[in-house]
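Let me begin by presenting the structure, written as structure tokens, before commenting on it.
Please treat every number below as a calculation from the coordinates, not as lab data. None of these values were measured; they are calculated from a predicted model. Quick reminder, even Gly has a Cβ in these numbers, built from the backbone with ideal geometry, and neighbours come from all protein chains shown.
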């Protein structure tokens, strides 16, 4: 970063900068223990409180995390790569892979906390799905867990009248999932819009995703459309930002 | 969120939930003043410390922000919409609009702090641009400011040997910008990869982007390729997450 290295910055900030740079350069890799308070006091000739503040800057940024009684460690960032475009390529729907398996290669992504219910549509969903007054939605909630760590919460909304009687209203949607079932009933999704935001998690989200302090969530809202442009699903996803890289490949 | 409304949660959390829900429902809109400590004490029959904690939950989440002496207000979220795919459509390059103008409609996005220099390539850039040992890069840094508020930092890296002598090495790249100049010298970018992450900002980033507390940054790393698949530019962008929605539209 330009314009930041001047000497008027507080000492703990400058120590934090030095450590951050050492992490960026690879001197300390993911999972490595950072110098402790005593080390920093000796190296930089500062008081314990200054050393502690320096480490806490890196913790607040999510670059490092404290482990009880063991010290402060470089955060492990071994994220999932979620490919927005290839991932939804139609050839993947039919052959037994869920749309998610392309993201994880040899790591096991499990789905838990699946619930399906018929509910009144929130206003924003009603607007996007172009629902009539009082029209309800089939709401599918689930959580994705990687190697025991929850990484993503997803809530899909589909017009209840459209999916009534299909396996979309059941917990197990069967091979190819919701999109394969939509195709079978004549509403194959072919156009997609993904909107992405990021913010700090609510306490409830942080709990459900077992998140560390100083980590934001990424919000991905995906709308799926048929070839006539009819919106058939809105999927609101909340991702632990420490667990994901999103990727989009496209042509000019 | 499911499974969170039970009554064993601390009172300040439940008050925060009530306020958050009132914000989501639109009862309090962007920029509205939230009930103060005295109001919350009276309404919920709690101590001042509890009321204060409730408001600080919303501040920490970035949902609300304190204004000195005036109270706590719902954060204004009036983001830019950055369209990843249409935005780069080639027809926009030539006709006098920068690739950014599609994002902002009638709002004025200004570029400042432009610097251009010839530098040693960081390892990750060397790897992506497939550079020879010791090959340097043309580094273009700049900041984008919306209505006086900085919203995005961008650093582009291009192989120095490839762009030598072109306007890409000057502060003003001319109409159509870097991509139009690349096209003129025979390296038209036609394929793009965008990778997206989110984390808390470093102190330096927070300062450069004038960010409020409790707000993450979105990192977008875009790589541009010619039709032969040669990588010609890596652009590392740091976005104030409170200022942006990213949008990608695509077909299955």
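Annotations
- Averaged over the residues of B:224-233, the number of partner chain Cβ atoms lying within 10 Å of the residue Cβ comes to 1.
- Most fluctuating residue given options B:179, B:28, B:225, as computed from a GNM of chain B linking Cα atoms under 10 Å: B:28
- Shape of segment B:1-73, Cα gyration tensor, a/c cut at 1.5: oblate
- Take every Cα pair under 8 Å whose residues are at least 6 apart in sequence, average their separation, divide by the length of segment B:166-227, and the relative contact order is 37 percent.
- A Gaussian network model of chain B, with springs between Cα atoms under 10 Å, assigns the largest mean-square fluctuation among B:65, B:170, B:236 to B:170.
- Ordering of B:204-210, B:154-160, B:237-243, A:115-121 by packing [mean C-beta count within 10 Å, highest first]: B:237-243, B:154-160, B:204-210, A:115-121
- On the basis of the beta-carbon distance and an R0 of 25 Å, residue A:210 and residue B:56 show a calculated FRET efficiency of 0.65.
- Entry note, chain A: relative contact order of 18 percent, from Cα contacts under 8 Å with a spacing of 6+ residues.
- FRET efficiency, residue A:112 to residue B:195 (Cβ-Cβ, R0 35 Å, nearest 0.05): 0.80
- When the Cα convex hull of segment A:80-247 is projected onto planes of every orientation, the mean area is 9.5 nm².
- Peptide-level mean, for B:186-195, of C-beta atoms on other protein chains within 10 Å: 3
- Note on chain B: GNM, Cα springs under 10 Å; of B:126, B:198, B:161, the largest mean-square fluctuation is that of B:161.
- Between copies, the label points at residue A:132 (set 7 angstrom from Cα along Cα-to-Cβ) are spaced 7.0 nm, reported in nanometres from shortest to longest.
- Using alpha-carbon coordinates, inclination of helix B:11-24 to the longest axis of chain B, degrees: 60
- Counting Cβ atoms of other protein chains within 10 Å of each Cβ in B:239-251 and taking the mean gives 6.
- Placing a label point 7 Å from Cα along the Cα-to-Cβ direction at residue A:109 gives distances to the equivalent points in the other copies of 2.9 nm, listed shortest first.
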